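Any read-out appearing in this document is the output of simple, stated calculations on the displayed coordinates, not a laboratory observation. The structure presented is a predicted model; accordingly, all values stated were derived computationally and were not measured. Cβ placement follows ideal geometry from the backbone for every residue including glycine, while neighbour counts extend to all protein chains displayed.
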Amino acid sequence: MKQKFKEFYKPTPDEITDFWEHAIFSFDANTLLNLYRYTEDTRDEVLETLEYLSGQNRLWISFQAAFEYQKNRLTVINTAKKAYKNLIEKLAKKNTEIVEVLNEFKKHQNLNIDGIKETFADTFKEVEDDLRILDEEHPDLIESDPIFDALTEILDGCVGNAMNEAELNVIFKEGKVRYEKKTPPGYMDLADKKNEPEQSLYGDLIIWRQLIKHIKATPSKLIFVTDDLKEDWWYIFNGRTIDSRPELAREFFVETNNEIIIYKPEQFLKFYQERIKHELKDETIKEVEETRKNDEIIYTSVPPTSLYKLYPNEYLGTLQTSGSTNTVYFPPELLKGYNISGTTGSIPIIAPDWLKQITDKNGFISLGEPEWLKKYEYLSNTGSIVVAANLNKQKDEDVK
C-alpha cells in the first residue's frame, strides 16, 4: 500500500538520512525575507547554514524566489523601520482611551483619578522615549544592507534562470485552471493578488514549476524550505498542520521521478543541526519558530494563552489580515452555529445576512467595511484581530 500512496507516509529515518546526504536544498522568498525580522545572532546563524550548503554545491534558489526577494526587500526593511512610529501612535491612542475610561470615575470619592492618569502618562512617556531611541539607532538598511551583501555572495551561481515569456504564459494558463480547482500550490493567493500582475498572482506556481524543471534537468532529491503557512502548501486537519500537501509530493515524483521533502524553517534548522553536525544556539531555532508562529493563521477556536488572557470569557478566535490588500480570513470554527458548508474557511452563499453583505464568495472582507468591524482589537505583533464579540450568536440587527 505504501508504494501506491507514498505521499501519505512520512519518510523513515533511513530515507531522511538519504535526503540529507544527497538532496539539493532550495528556499522560498519568504525564508530569505525573514532574515530581516530576526535578531542579529539568529540571522547570522541562518546565513551560515546557507553558506555551508552553497559551499557544498547543494544550494539552489529558483529565479522566481530570488526575484520576489529582490522585489520585496525594501518593503520589508521599511516595515521594520516604521514599526517604532506605528507603535508610538498605537500607545498614544491607548493612553487616550484609558484617560476616557478613567474620566468616568472622576467623582469617585476613593479614587485618585488624576494620580492614576499621571502614572499611566509617565509610563507611556518612558516607553515612547525608549522607542524613539531605538528608532534613531535602527540601522539604515536601505543605505547599507549586510544581509543583501551576504546573500549576494552566498547565492552567487546558485540562482536558476528566468523563464521566457512563452513558458510563463503556459504557467499562467495552467494556474487559472489549478486555482479554480484549488490544486496546490498558490490558490490561496487568489483573494489577495487577483488584481496584481500574473507573475505575482501565480508566483507560488512559478516557483513550483521552476523547482520541478531544475530537478528534471539535474536529477536529485529536493528539500524545499518555506515560511508560507497556507493550506495550499500544508495539509491542515482540525487546525493542526500534519505535513506538506500530499498532492505536491505525488506531482513532484510523477514529473521528476524524484522525491521532495518540504520543511518549515525551524524544522530545517533542527535537522540541519542533527544531520550536518553543526551546533546551533537553541535561541536561534526558537526565534525562527516564533517568527513563523506570529504569522500563523489560527484555525482552531481554542485560544492561545496570550490571547486568552486578553479576553478570557469572550475569545473565539482570530481573523488574519492578509497583506497588501488588507483583507480578513474567517476560520471555519469562528462561525459555528451557522449553516455554512465547506472546510477551508470560505463563506458560501448560505450565510447570515450580515456576513453576506461584507464578504465575497471566497469569504474575504474589507477592513474598511462595515463600521462595527473597525472596533475590534489589532495585535500589532501578529497582524491579527482579536474578536471579542460573540459573533456566532450575534443577530443581524446587532451588527448593522
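The table below gives the values:
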| read-out | value |
| --- | --- |
| Percentage of interatomic Cα-Cα distances in segment 158-238 larger than 14 Å | 66 |
| Radius 10 Å from Cβ of Glu255, net charge of other residues (Lys, Arg +1; Asp, Glu -1) | +3 |
| Global form of segment 19-70, assessed from the alpha-carbon gyration tensor, a/c cut-off 1.5 | oblate |
| Candidate aspartates and glutamates - alpha carbon under 18 Å from Lys293, same-chain residues fewer than 8 apart omitted | Asp28, Asp227, Asp228, Glu231, Asp232, Asp243, Glu266, Asp282, Glu283 |
| Listed peptides 36-44, 78-86 by packing density, highest first (mean Cβ within 10 Å) | 36-44, 78-86 |
| Spin-label model distance (nm) - Thr75 vs Arg132, 7 Å beyond Cα toward Cβ | 3.2 |
| Karplus-derived HN-Hα couplings along segment 2-16 (A = 6.51, B = -1.76, C = 1.60, θ = phi - 60°), whole Hz, x at Gly and Pro | 4, 5, 7, 10, 4, 5, 8, 10, 6, x, 6, x, 5, 5, 5 |
| Quotient of Cα Rg and 2.2 N^0.38 Å for segment 92-193, N being how many residues it contains | 2.15 |
| Segment Asp18-Gln199, length gained on full extension (0.36 nm per residue, minus Cα span) | 61.7 nm |
| Gained length - Phe105 relative to Glu89, 0.36 nm times residue gap less alpha-carbon distance | 3.2 nm |
| Amide H partners (placed H, <5 Å) of Tyr263, local residues excluded | Phe224, Val225, Thr226 |
| Estimated Rh, segment 126-271: Kirkwood, alpha-carbon pairs, angstrom | 18.0 |
| Where only C-alpha atoms are counted, convex hull volume of segment 1-113 per residue in Å³ | 260 |
| Set Lys90/Lys125; Lys82/Lys193; Lys181/Lys264; Lys93/Lys117; Lys10/Lys221 screened for pairs whose C-alpha atoms are more than 18 Å apart | Lys82/Lys193; Lys181/Lys264 |
| Mean Cβ count within 10 Å, highest first, over the residues of peptides 145-154, 2-11, 165-174 | 145-154, 165-174, 2-11 |
| Per-pair calculated FRET efficiency, R0 = 41 Å: Thr96 and Glu165 via Cβ, rounded to 0.05 | 0.15 |
| Those aspartates and glutamates that a straight Cα-Cα span of less than 12 Å connects to Lys216, excepting residues fewer than 8 apart in one chain | Glu255, Glu259 |
| Extension gain, Lys117 back to Val177 (0.36 nm per residue minus Cα-Cα distance, nm) | 15.7 nm |
| Between segment 163-184 and segment 11-73, the alpha-carbon center distance in angstrom | 25 |
